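Presented below is the structure to which this report refers.
Where a number appears in this text, it was derived from the coordinates with a stated rule and is not lab data. Owing to the predicted nature of the structure, the values given are computational and were not obtained by experimental measurement. Using ideal geometry, Cβ is built from the backbone for each residue, glycine included, and neighbour counts are taken over all protein chains shown.
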Amino acid sequence: MADVAIISGSASDAKITDKVRKVLDENGISYDAQVISAHRDPDKLDAYIKTSDVKIYIAIAGLSAALPGVIASKSDKPVIGVPVSGTLNGMDSLLSIAQMPKGVPVACVGVDNGDNAAWLAVRILKLVGK
């Protein structure tokens, strides 16, 4: 069982995923990393969420950045969104992640800041006794 699921919407997000992995590795936190697009692979994403026993999701997404919100709508576990810089310097992604509707909470870190997403996951896991 992994403690954290790192899900990126695209393989092009690898640099950010690597930042997350580095912090989690340094802190001895287990994780499962996947590339699953909320738009291109919705059935695969649904299946992953339904069968996953992780404690926290870190969702890395650019452009419309739907991935963190979709995960949060299908799970009661914490979701940390990492907006990816893109055509609007990541502002489109940042706002998409930060402006979730009521009842669909997603924590949001800075643009391309996979490090802080991992550090937030570490802190949450400390609260639950990991």
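Numerical summary
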{"quantity": "Cross-link reach list, lysines versus K102, counting only Cα pairs under 21 Å and skipping chain neighbours closer than eight places", "calculated": "K74, K77"}
{"quantity": "Of (i) 1.19; (ii) 0.99; (iii) 0.93, the label for Rg/Rh (Cα atoms, Kirkwood Rh) derived from the coordinates", "calculated": "(iii)"}
{"quantity": "Other-chain or far-sequence residues with amide H under 5 Å of A33's (modelled H)", "calculated": "I6"}
{"quantity": "Given charges at Cβ of Lys, Arg, Asp, Glu: the chain dipole, positive-most of A121, N89, G103", "calculated": "G103"}
{"quantity": "Relative packing of 44-51, 107-114, which averages over residues the other C-beta atoms within 10 Å, highest first", "calculated": "107-114, 44-51"}
{"quantity": "Label-point gap, in nm, between Q34 and D46 - each point 7 angstrom along Cα→Cβ", "calculated": "1.4 nm"}
